[in-house]
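Provided herewith is a single structure, encoded as structure tokens, for subsequent inquiry.
The values are calculated or read from the model by the stated rules, or taken from the named source; none is laboratory data. In this text the structure is predicted, and so the values were computed from the model without any measurement. Cβ placement follows ideal geometry from the backbone for every residue including glycine, while neighbour counts extend to all protein chains displayed. When the accessible area is computed, the model is the full protein with side chains, heavy atoms only, and any ligands, DNA or RNA have been set aside. Shrake-Rupley method; radii C 1.70, N 1.55, O 1.52, S 1.80 Å.
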Amino acid sequence: MTKRKNAGTRDRPESGAPTTAGLDGEARAHAGDGRPASDASDPPELKSLDARVGELLRSELWDDAQEERYDRFTRLAARIFDAPAALILLFDAHRHLFKSRFGFQLGRESQELELCRQAGAQGTPVVIEDLAPGVDSSADTAVSQPRNIRFFAGQALCADNGEVVGCVALMDFKARGFDVNARHTLVELALLVEEEFNLNAAMASTRAGMAELLDRDAALPSATHIIAYEKIELLVEQAGNAGRKLGIFYLSLDNLYDMSLAYGPGRIQAMINRWMDGLRNHSENLIYIGRLSERGFVGAFEFEGDVRAGRRLCEQLRVHAQQEVEHEELRFSFEASAGLCVSPDHGDSGVALIGRAQLAHENQSWNNETSLFNAAIAKRFRRRSALRTRFEAAVEDGSVHFHGQPIFANADGALVGIELLARWQDPELGEVSPNEFVPVIDPEKGPRRALVAAALDTACRYVAAWQARSQFVPYITINVSGAELFRQDFHELVEDRLAHHGVSAEHLVFELTERSVIRDFELMARSLRRLTDTGARIALDDFGSGYSSIAYLTRLPISIVKLDKRVVQQIDAQGPAEELAQGIVALAHGQQLAIVAEGVETQAQWETVRAMGCEYTQGFLLGRPQSEDALLALIAEQRSNATEQADPQTAPE
Ligand code: C2E
Ligand code: CA
Ligand code: CA
């Protein structure tokens, strides 16, 4: 494996600085100039810490396949450099993985890979300003492929231990220049991507810590920030031996990421150093503070008294952490939130205590005050972990299945659609509500994928079965998370399932909440358009519960808005809810969108939403979520109603 020797101190000239020989000279390397990646160049005795960090980072990065957060960088790269294609590629001696790809695929994958491997072999950017057009003779198929990459610029990506793990690259289908400023910017961008890699490692170490908390077998936490873990471990042991109390806190600088984007990681690091010094000077009790993840810090302080005294001290630290920091011409304040646990009260190992402080931190109250670990937090965490662990198998063995809730037209009472809602009956955990398990399943991991795949299968199976009986087919609605839509393989999954069941996409509606569409408007719009191009429709769920921006309605290809049940249910309580509902209805109708009023439980609510002009109703009053058989009966009933109405003897003119 190629190693970059100067990883920690990579040349990063001040902006506007004259060209360094290395940057400019090597940057003109052409195909064939790069050293091949080779395991043989490794020094035989890798430091164990380095090896552990490298391994962990690699497995994290490779396991997680495509992650939406890396798309930010490729998108940004394409935008900054006005290039039609950008990618982040991971590779080692044996394999490669496109971690993120933005824009067009200009060349063959083998050509991209070859260029990226060349870039990986250099410490400085590899730029090919004009790769003559021609045929790709390296193509491993009998027929040579046209080669469309005319321009290439790539910068190696390294793990913290200096090992090259991939490359960030830009490509264009026309020849172009790439001046020294552009090269500097590409190096800066690579540094940002590397910081994101570190986050993967930190997440792995946190997970390992949490696993230990559950008393399950856990891989030893090893990460770039292992020093912090080891330090806390040592302090806990020493305090335990001396019979002293120790507060272990997790402190998050919540605006750190935005600050890094605004001011650049180098300047922010200087601010952080200032900030840490400030904290150390502020409190004599503070005996350690170190960085754990991109925005997370861990620390320890000594104190006397009960846990409440510890919490008071931690809160003082947190408040101090928000004081203005000044460095050179920069001045700003961090936003800090904290979680705390106490040794020996809450545990006697450093890893477990850090994990517990993080859990306490997740359990923030509205006012952001230091949150203290307690038994209820521990219990919730254990249940959440159990849900996570058992979920995927539950989808596979069928204990997660779907009920369908009917949606009716207000004009004539006809059944028009069915929303699929997940149900999970677990032998140990009992009935688990989707409100509980959906949010805890990591949106970027396999189990969430298993849920949406199961929903798609169920929807297609229903449609195929109803069509086979020549029955009326209501549309079927599937709930999807925003993260799912950011995955490039989501569309393949949809197409695959539709083709498998021989069903047309026109029968499907995908429901997304407002919250999930705000993350990346442009990317989301593109993904949604790809869905609507197939004939499927999009509904915006829980509208009125949050931001309710008109921008969602005008800029995304949405055809249905679902009025949130919390709004609907407050309508008869007299008050602002009715006005809000009316406003939302006007907003949606202004865009020619149909409205489904959700959660209608009473006759009065139903009358109100009809009077407001909502076209459709879904709620317990008209029909609960029900099993496949019950839905079949409902559809048959609809059919006979429709026949009766069509009968000239019974139907009015
Ligand atoms: P949602 O998408 O807003 O679904 C509507 C929820 O309101 C359902 O709760 C439904 O049973 C409930 N509901 C419908 N009519 C009434 C009514 O008249 N009164 C009351 N009180 N409730 C009513 P459910 O099934 O518990 O699902 C809760 C949430 O879990 C869903 O809210 C959705 O966000 C999520 N969810 C459920 N299934 C899935 C799924 O397959 N995938 C994803 N990603 N999320 C799901
Ligand atoms: Ca829904
Ligand atoms: Ca809803």
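Show the residue pairs meeting these rules: Cβ distance below 6 Å; 6+ apart or different chains; first residue within the stretch 613-627 and assigned by TED's automatic domain parsing to the domain that holds residue 567 and farther than 14 Å from residue 415 by Cβ; second residue within 15 Å of ligand 3 (Cβ to nearest atom) and open to solvent by 60 Å² or more (accessible area, probe 1.4 Å).
As it stands, the answer is 620/601; 621/601, since those pairs meet every condition given.
Same structure again: Output the residues belonging to the stretch 108-148 that are modelled with pLDDT of 85 or more, among the aliphatic types (A, V, I, L, M) and over 11 Å from residue 169 (Cβ atoms).
Residues satisfying the conditions are 121, 131.
Exactly one of (1) more than 30 Å from residue 292 (Cβ to Cβ); (2) touching a Phe, Trp or Tyr at 6+ places or on another chain (Cβ under 9 Å); (3) at pLDDT 85 or above; (4) open to solvent by less than 60 Å² (accessible area, probe 1.4 Å) is unmet by residue 99. Its number?
The single condition residue 99 does not satisfy is (1).
Do you know which residues across the stretch 565-586 are open to solvent by less than 50 Å² (accessible area, probe 1.4 Å) and assigned to a helix (DSSP H, G or I)?
Those that are open to solvent by less than 50 Å² (accessible area, probe 1.4 Å) and assigned to a helix (DSSP H, G or I): 567, 568, 571, 577, 581, 583, 584, 585.
Does residue 500 satisfy the criteria of being loosely packed, with under 14 Cβ neighbours inside 10 Å and touching a Cys at 6+ places or on another chain (Cβ under 9 Å)?
Spelling it out, residue 500 is indeed loosely packed, with under 14 Cβ neighbours inside 10 Å and touching a Cys at 6+ places or on another chain (Cβ under 9 Å).
Just wondering, is there one or more residues in the stretch 438-456 that are more than 30 Å from residue 103 (Cα to Cα), within 13 Å of ligand 1 (Cβ to nearest atom) and open to solvent by 30 Å² or more (accessible area, probe 1.4 Å)?
yes
Continuing with the same structure: Out of curiosity, is residue 312 over 22 Å from residue 256 (Cα atoms), open to solvent by 10 Å² or more (accessible area, probe 1.4 Å) and at pLDDT 95 or above?
So residue 312 passes the test.
Starting from residues that are more than 13 Å from ligand 1 (Cβ to nearest atom), of a type outside the set (D, E, K, R) and more than 32 Å from the chain's Cα centre (by Cα), keep the ones in the stretch 564-582 and report whichever is modelled with the highest pLDDT.
Once the filter is applied, the top-ranked residue is 582.
Within the stretch 232-288, how many residues are basic (Lys, Arg) and without any contact (Cβ under 8 Å) to a residue 60 or more places away in the chain?
Here the count works out to 3.
Scan the stretch 186-198 and report the pairs whose first residue is part of a helix (DSSP H, G or I) and whose second residue is of a type in the set (S, T, N, Q) and open to solvent by 10 Å² or more (accessible area, probe 1.4 Å), with Cβ atoms within less than 7 Å and a gap of 6+ or a chain change.
Final answer for the pair search is 198/224.
Restricting attention to the stretch 604-630, and to residues there that are part of a helix (DSSP H, G or I) and over 19 Å from residue 579 (Cα atoms), which single residue is farthest from ligand 2 (Cβ to nearest atom)?
Looking at residues that are part of a helix (DSSP H, G or I) and over 19 Å from residue 579 (Cα atoms), I get 629.
Quick one: would you say residue 365 is over 18 Å from residue 481 (Cβ atoms) and either away from ligand 1 (no atom under 15 Å from the Cβ) or without any contact (Cβ under 8 Å) to a residue 40 or more places away in the chain (or both)?
Yes, satisfied.
Now for a different question. So, residue 486, is that one closer than 19 Å to residue 561 by Cα, open to solvent by less than 40 Å² (accessible area, probe 1.4 Å) and modelled with pLDDT under 90 or not?
Against the criterion (closer than 19 Å to residue 561 by Cα, open to solvent by less than 40 Å² (accessible area, probe 1.4 Å) and modelled with pLDDT under 90), residue 486 does not qualify.
Okay, next question. Any residue that is more than 16 Å from ligand 3 (Cβ to nearest atom), under 30 Å from residue 396 (Cα atoms) and part of a helix (DSSP H, G or I) - is there at least one of those in the stretch 535-558?
Within the stretch 535-558 (the criterion being more than 16 Å from ligand 3 (Cβ to nearest atom), under 30 Å from residue 396 (Cα atoms) and part of a helix (DSSP H, G or I)), the answer is no, since none of the residues qualifies.
While we're looking at this one, here's another question. Quick check on residue 356: is it outside the structural domain of residue 475 (by TED's automatic domain parsing), open to solvent by 40 Å² or more (accessible area, probe 1.4 Å) and in contact with a His (Cβ under 6 Å, 6 or more places away or on another chain)?
The answer is yes for residue 356.
With the requirement that a residue be more than 13 Å from ligand 2 (Cβ to nearest atom), surrounded by fewer than 20 Cβ atoms within 10 Å (Cβ to Cβ) and within 26 Å of the chain's Cα centre (by Cα), what does the stretch 506-520 give you?
518, 519, 520
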